[in-house]
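Read through the structure below, which is laid out as structure tokens, and then see the notes.
The values are calculated or read from the model by the stated rules, or taken from the named source; none is laboratory data. Owing to the predicted nature of the structure, the values given are computational and were not obtained by experimental measurement. As a convention, Cβ positions derive from the backbone with ideal geometry for all residues, glycine included, and neighbour counts pool all protein chains shown.
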Amino acid sequence: MLSACFSWPDKFSVFWNHVMKEMIRLGVKSLGIVILMSAFMGGVIVIQTNAAIDSPLIPAYTVGFTTRQSVILEFAPTIICLILAGIVGSSISSELGTMRITEQIDALDIMGVNSASFLILPKIIAAVIIFPILIMYSMATGLVGGWLACQSLDNISSQTYLMGLQWYWDPFYLQYALIKTAIFAFIITSVSACEGYHASGGTLEVGRSSTKAVIYSCMTILLTNYVITQLLLL
């Protein structure tokens, strides 16, 4: 499917319009749930880390440092992408599956249109572009949510929390997170599109293909996350 998908479009202006529409549908419309979850998770990480630190030998700014590392390295790029696999992946699979069983994809093939490139490639490009932007919003919101949670704690001031956020900062951490996100975006869209594109039967099969798309995407993301971490951080 991917070999047929990656081909130069006949009309680039039409293709780019499809990419922009997919960026709005797959990315912008998911921004609300991403921000909501990131804010609360950032606050939860701060509270849990503060509760776990009961030794006077551990400085208070460790809470900010731990929150930054958790949000940037793992929560934002991995957990949010797993959530997006459920939201975006099921949407892509059900859309293409419905088009397959209603013979819309067959009609495109009969008209001489490369249906894989026309339907799938804009989704892949849009996700690879927009998902890293979503994850940067998630990172920022998670750190702000942690700062808001500090306001309810007596032993951590805003200055201490901000000191922890800046302590031992390596810009490669951000690069690592965005590299993972772009790869995860490709996995989510390609796996989900494959399940929907090759669906057969009736509406029941479309539902099953959506379920399998989410499961396979999550499994592949977790495996890829381990491999990327081994390659880039060790």
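Please enumerate the residues belonging to segment 1-48 that are of a type in the set (A, V, I, L, M), touching a Ser or Thr at 6+ places or on another chain (Cβ under 7 Å) and more than 19 Å from Thr189 (Cα to Cα). Listed by number, the residues that qualify are Ile35, Ala39, Ile45, Val46.
If the condition is being among the β-branched types (Val, Ile, Thr) and either more than 14 Å from Thr181 (Cβ to Cβ) or in contact with a Lys or Arg (Cβ under 7 Å, 6 or more places away or on another chain) (or both), then segment 214-234 contributes Val214, Ile215, Thr220, Val227, Ile228.
A residue that is within 21 Å of Trp16 (Cβ to Cβ) and in a loop (DSSP other than H, G, I, E, B) occurs somewhere in segment 117-124. Taking the criterion of being charged (D, E, K, R) and either part of a helix (DSSP H, G or I) or closer than 22 Å to Val128 by Cβ (or both), the residues of segment 93-106 that qualify are Glu95, Arg100, Asp106.
Listed by first and then second residue, the pairs with beta-carbon distance under 9 Å, at least 6 apart or on different chains, first residue in segment 32-53 and under 14 Å from Gln69 (Cα atoms) and in contact (Cβ under 8 Å) with a residue 12 or more places away in the chain, second outside any helix (DSSP H, G or I) and not hydroxyl-bearing (Ser, Thr, Tyr), are Val46/Leu153; Val46/Ile156. Taken over segment 194-212, residues that are at pLDDT below 90 and basic (Lys, Arg) amount to 1. Among residues belonging to segment 94-129 that are among the small types (Gly, Ala, Ser) and either in contact with a Leu (Cβ under 7 Å, 6 or more places away or on another chain) or surrounded by fewer than 17 Cβ atoms within 10 Å (Cβ to Cβ) (or both), point out the one that is farthest from Ser30 (Cα to Cα). Among residues in segment 94-129 that are among the small types (Gly, Ala, Ser) and either in contact with a Leu (Cβ under 7 Å, 6 or more places away or on another chain) or surrounded by fewer than 17 Cβ atoms within 10 Å (Cβ to Cβ) (or both), the one farthest from Ser30 (Cα to Cα) is Gly112.
Going by the structure shown, is Ile215 among the aliphatic types (A, V, I, L, M) and modelled with pLDDT of 90 or more? Criteria met by Ile215.
Selection within segment 138-194: residues that are in contact with a Phe, Trp or Tyr (Cβ under 8 Å, 6 or more places away or on another chain) and in a loop (DSSP other than H, G, I, E, B). The member of this set that is nearest to Tyr61 (Cα to Cα) is Trp167. Only one entry of Ala199, Ala185 meets the criterion of being more than 19 Å from Leu223 (Cα to Cα) and among the small types (Gly, Ala, Ser), and that entry is Ala199.
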